[in-house]
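Below is one structure, written out as structure tokens, with a few remarks after it.
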Amino acid sequence: MNVQDFAERYTAAWCSEDPARVATFFAEDGSLQVNDGTPAVGREAIAAVARSFMTDFPDLQVILDRLVLDPPEYHWTLVGTHARTGRPVRVSGVERWTMSAGGQIARSLGAFDASDYARQVGA
């Protein structure tokens with residue numbers, strides 16, 4: 001599997017306004033956990049997480065900053081205008097991936113600076 005190509009397609013999915021497309025990058029029982037929160041398990045739950053970001057940021061853009069191959073770490077920057085406050089937001093983070101035998105994400109442990117995010121949003 002070409003992890004660089006996978007990461008580029010994953011980035012495009014986040015920018016697609018289609019939360020189900022993001023979920024297809026995960027194994028059927030895959031999980032996405034953000035900032036020590038409760039993991040979203042399964043594609044439907046993962047799509048709900050993606051949908052929440054896409055709703056909060058109608059002009060959401062995700063930028064692939066860099067990729068570490070072994071173990072896979074996806075470093076990203078989210079850029080967008082917060083729907084409720086109208087404030088511009090730019091926050092960076094990382095997802096640490098465990099890949100399934102089928103070449104999808106079995107587990108993603110994500111993190112970003114929540115206090116910086118809240119400050120920018122105006123919360």
**OP:** Hey, can you grab everything whose amide H is under 5 Å from the amide H of residue 99? Only 5+ residues off in sequence or another chain; H modelled, so Pro and N-termini drop out.
**Re:** 106
**OP:** Give me the number: length gained by fully extending residue 81 to residue 41, i.e. 0.36 nm times residue separation minus the C-alpha to C-alpha distance, one decimal in nm.
**Re:** 11.6 nm
**OP:** Taking the Cα centre of the chain as origin, sum charge times position over the Cβ atoms of Lys and Arg (+1) and Asp and Glu (-1), and report the length of that vector in debye to the nearest 20.
**Re:** 280
Subject >> Listed residues 86, 99, 71: farthest to the positive end of the dipole of region 60-123 (Cβ charges) >> reply: 86
Subject >> Inter-label distance for residue 111 and residue 4, nm, one decimal - labels placed 7 Å from Cα along Cα-to-Cβ >> reply: 2.7
**OP:** Report the label-to-label distance for residue 63 and residue 90 in nanometres (one decimal), using points 7 Å from each Cα along the Cα→Cβ vector.
**Re:** 0.6
Original post:
What is the ratio of the Cα radius of gyration of the chain to 2.2 N^0.38 Å, where N is its residue count, to two decimals?
Top reply: 1.00
Original post:
For region 53-123 and region 6-45, what is the separation of their C-alpha centers, rounded to whole Å?
Top reply: 11
Original post:
Whole-Hz Karplus ³J(HN,Hα) for region 106-116, in order, using 6.51 cos²θ - 1.76 cosθ + 1.60 and θ = phi - 60°, x for Gly and Pro?
Top reply: 8, 8, 10, 9, x, 8, 8, 6, 5, 6, 5
Original post:
Once the other residues with Cβ under 15 Å from the Cβ of residue 44 are scored (Lys, Arg +1; Asp, Glu -1), what is the net sum?
Top reply: 0
Original post:
Hey, rough spin-label estimate for residue 15 and residue 70, points 7 angstrom out along Cα→Cβ, what's it come to in nanometres?
Top reply: 3.0
Subject >> Among 122, 62, 37 - extreme Cα towards positive end, dipole of the chain, charges at beta-carbon >> reply: 122
Original post:
Cα extents of region 46-90 along the three principal axes, largest first, in whole Å?
Top reply: 38, 22, 11
Original post:
Can you give the calculated 222 nm mean residue ellipticity of the chain, where each DSSP H run of n ≥ 4 adds -39,500 (n - 2.57) and the sum is split over every residue, rounded to the nearest 500 deg cm²/dmol?
Top reply: -9000 deg cm²/dmol
**OP:** Please identify, among 83, 45, 101, the residue showing maximal mean-square fluctuation in a Gaussian network model of the chain using a 10 angstrom Cα cutoff.
**Re:** 101
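Every number here is computed from the coordinates shown, using simple stated rules; none is lab data. A quick note: this is a predicted structure, and the numbers were derived from the prediction, not measured. For neighbour counting, all protein chains shown are included, and Cβ atoms are generated from backbone atoms with ideal geometry for every residue, glycine included.
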